[in-house]
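Pasting in a structure now, in structure tokens, and then I'll have a few things to ask.
The values are calculated or read from the model by the stated rules, or taken from the named source; none is laboratory data. Note that the structure is a prediction, hence the values are computed from the model and not measured. Please note: Cβ atoms are built from the backbone with ideal geometry, for glycine as well, and neighbour counts cover all protein chains shown. Ligands, DNA and RNA are excluded from the accessible area calculation, which covers all protein heavy atoms including side chains. Shrake-Rupley method; radii C 1.70, N 1.55, O 1.52, S 1.80 Å.
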Amino acid sequence: YQPQLDRSGHVIGAEALLRWRQPDGKVLLPPDFIRIAEESGLIIEIGAWVMRTACRELARWQRQPATAGLTLSVNVSARQFTEPDFVALLQTIFAETGVQPSGLRLELTESLVVTDFTLAAQTMGALKQQGLSFSLDDFGTGYSSLAYLRKLPLDQLKIDRSFMRDVLTDQNDASIVRSIIALGESLGLEVMAEGVETAGQRQFLADAGCHLYQGFLYQQAVSGETF
């Protein structure tokens, strides 16, 4: 769980990040296994496990006054999101864990929502009625069609870490980040920057009007107990 913070440095939630611990103790990160999981179809079972585990953790937070108001963001793969029983699966998990869905935020990629726009919009609409919110992850790296931004029930845009890496030295990246922030503001969407690693990057974001942050400047991903 990697904390997400606001402009005052207060933790407002976290993103659930997947790690695969090997028998020899080595930990694999998502780039090392997600593609294979997608291609093999195992991502469906993995995704269900992630969702169930995340909702169980979020339900624990919601039972404690100090963490009751936090949100938990969970990435959803295209294979998982387009499964016919995805909405039913989430409803079952909500009932099993006792979680309040209003604390759950699903992170979707641009490629996911434009591959089958109609299905994505219908699924998002059904889950929105359950109280979930949605973040468009890695924004700016995909199709970036403004048409779907207007038609989808999104709540947040996430600036991809690839833009943050050189935002202080590359004028093109700086311009893209400013444009995403301005676009989010004009559409009434929150904008969160991930991959914030230095005080300079944070100051750039603050000056540009982005006040939600996630990255090593604050905290790396930690266990549920540590969080």
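Every residue, every condition in (1) part of a loop (DSSP other than H, G, I, E, B); (2) of a type outside the set (Val, Ile, Thr); (3) farther than 19 Å from Pro3 by Cβ, yes or no:
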| site | (1), (2), (3) |
| --- | --- |
| Pro31 | no, yes, yes |
| Glu39 | no, yes, yes |
| Ile44 | no, no, yes |
| Arg52 | no, yes, yes |
| Gln64 | yes, yes, no |
| Val74 | no, no, no |
| Ala95 | no, yes, yes |
| Ser111 | no, yes, yes |
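Follow-up question, since we're still on this one. When you check Glu185 against the structure, is it open to solvent by 30 Å² or more (accessible area, probe 1.4 Å), acidic (Asp, Glu) and in contact (Cβ under 8 Å) with a residue 12 or more places away in the chain, yes or no?
yes
Still on this model: Of all residues in the stretch 110-125, how many are over 21 Å from Ile180 (Cβ atoms) and touching a Ser or Thr at 6+ places or on another chain (Cβ under 7 Å)? Before the answer, list the steps.
Here is the first cut: in the stretch 110-125, the ones over 21 Å from Ile180 (Cβ atoms) are 115-116, 118-119, 121-123, 125.
Okay, now just the ones that are also touching a Ser or Thr at 6+ places or on another chain (Cβ under 7 Å), so 116, 119.
Final tally of qualifying residues: 2.
Whether any residue in the stretch 165-176 is touching a residue at least 40 places away in the same chain (Cβ under 8 Å), surrounded by fewer than 21 Cβ atoms within 10 Å (Cβ to Cβ) and not in a loop (DSSP other than H, G, I, E, B) is what I want to check. Can you show your working first?
So in the stretch 165-176, the residues touching a residue at least 40 places away in the same chain (Cβ under 8 Å) come out as none.
No; the residues of the stretch 165-176 include none that is touching a residue at least 40 places away in the same chain (Cβ under 8 Å), surrounded by fewer than 21 Cβ atoms within 10 Å (Cβ to Cβ) and not in a loop (DSSP other than H, G, I, E, B).
In addition: Considering only the stretch 1-22, state which residues are farther than 20 Å from Arg60 by Cα, in a loop (DSSP other than H, G, I, E, B) and either modelled with pLDDT of 95 or more or among the polar types (S, T, N, Q) (or both).
Ser8, Gln22
A further question follows. Can you work out which of the residues in the stretch 128-151 that are in contact with a helix residue (DSSP H, G or I) (Cβ under 7 Å, 6 or more places away or on another chain) and modelled with pLDDT of 90 or more is most open to solvent (accessible area, probe 1.4 Å)?
Gln130
While we're here: Filter the stretch 92-120 down to the residues that are under 22 Å from Lys158 (Cα atoms) and among the small types (Gly, Ala, Ser), then identify the one that is most open to solvent (accessible area, probe 1.4 Å).
The selected residue is Ser102.
Residues that are open to solvent by less than 30 Å² (accessible area, probe 1.4 Å) and on the phi > 0 side of the Ramachandran plot: does the stretch 208-219 have at least one?
Yes, because at least one residue in the stretch 208-219 is open to solvent by less than 30 Å² (accessible area, probe 1.4 Å) and on the phi > 0 side of the Ramachandran plot.
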